[in-house]
Amino acid sequence: MDAPGAPTPRERPVRQPVLLGLFAGAGIAAGYLLAGVPGVELMTLVAVLAGIALGPARGALAGGIAEAVYSVGSPYGIAAPPLLAAQVAGVALAGALGALVAPVLLRAGRTPRAAAVAGVLGALTALAFDILTNLGIVAGYGLDWRAVAVGALG
């Protein structure tokens, strides 16, 4: 017998899609929140948290949806399709990686080890996003890859 007020078995399947929508919406809001601050964003963090809460597939989907909606409605204008695809893939990757690292983070608790794992995850996610988007810039705008690589060093 379920506790009073507990969801019935029919209501439980709704939980995951609702959380997915909430994480995607929070990611979009986080994108707009700091749109005017260069080099600072929280959408990737929201995608990682979605991965921790929902698993790799749904975390990736929440991150991908958030980035797609934000990028299409970006105050800076829509990107070329290859760059847009790279942006979506980069944030989706963050959601999937969040799920894969979740057991380590949850086991470690609030310790220096957990902080180190989170920092490494953040650095790897940022590096992967930069590589993907630089490839998207080369493909989308027809620029020489060497020029893009030199520009990416900064």
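Taking every protein chain into account, the 1.4 Å probe leaves ILE52 with about 60 Å² of accessible area, to the nearest ten.
Suppose all protein chains stay in the model; what accessible area per residue would a 1.4 Å probe give for segment 1-129, in Å²? All intermediate terms of the calculation are to be shown ahead of the outcome.
On the way: 7310 Å² over 129 residues.
On a per-residue basis, segment 1-129 sits at 57 Å².
3J(HN,Hα) along segment 101-112: 8, 3, x, 5, 5, 5, 5, 6, x, 8, 10, x Hz, from the Karplus curve 6.51 cos²θ - 1.76 cosθ + 1.60 with θ = phi - 60°, whole Hz, x for Gly and Pro.
Projecting the Cα atoms of GLY51, LEU127, ALA114 onto the charge dipole of the chain (Cβ charges, centred on the Cα centre) puts ALA114 farthest toward the positive pole. Per-residue Karplus couplings for segment 135-141, computed as 6.51 cos²θ - 1.76 cosθ + 1.60 with θ equal to phi - 60°, are listed in order as 5, x, 5, 4, 6, x, 10 Hz, Gly and Pro entered as x.
Filter the chymotrypsin sites (Phe, Trp or Tyr not before Pro) in segment 8-111 to those in DSSP coil with at most 10 other Cβ atoms within 10 Å of their Cβ, and list the result.
Answer by residue number: TYR76.
Taking every C-alpha pair closer than 8 Å and separated by at least 6 residues, the mean separation divided by the residue count of the chain gives a relative contact order of 21 percent. What's the longest piece of the chain with no exposed trypsin sites (Lys or Arg not before Pro), counting a site as exposed if DSSP puts it in a loop and it has at most 13 other beta carbons within 10 Å? Result, exposed sites excluded: 11-109.
What FRET efficiency comes out for the pair VAL148/ALA108, r = Cβ-Cβ distance, R0 = 41 Å, nearest 0.05?
Computed FRET efficiency for VAL148 and ALA108: 0.65.
In sequence order, segment 31-41 has phi-based couplings of x, 6, 4, 10, 4, x, 9, x, x, 10, 8 Hz under the Karplus curve 6.51 cos²θ - 1.76 cosθ + 1.60, θ = phi - 60°, and Gly or Pro positions carry x.
Leaving out ligands, DNA and RNA, what percent of the accessible area of the chain is carbon and sulfur, probe 1.4 Å? That fraction is 72 percent. Is the shape of the chain best called rounded, prolate or oblate, per the rule: a/c under 1.5 gives rounded, else a/b larger than b/c gives prolate, else oblate, with a ≥ b ≥ c the square roots of the Cα gyration tensor eigenvalues? Prolate.
The values are calculated or read from the model by the stated rules, or taken from the named source; none is laboratory data. Everything numeric here is computed off the predicted structure, so don't read it as measured data. Methodologically, a virtual Cβ is constructed for each residue, glycine included, from the backbone with ideal geometry; neighbour enumeration extends over all protein chains shown. These accessible areas exclude ligands, DNA and RNA; they are computed on the full protein's heavy atoms, side chains included. Shrake-Rupley method; radii C 1.70, N 1.55, O 1.52, S 1.80 Å.
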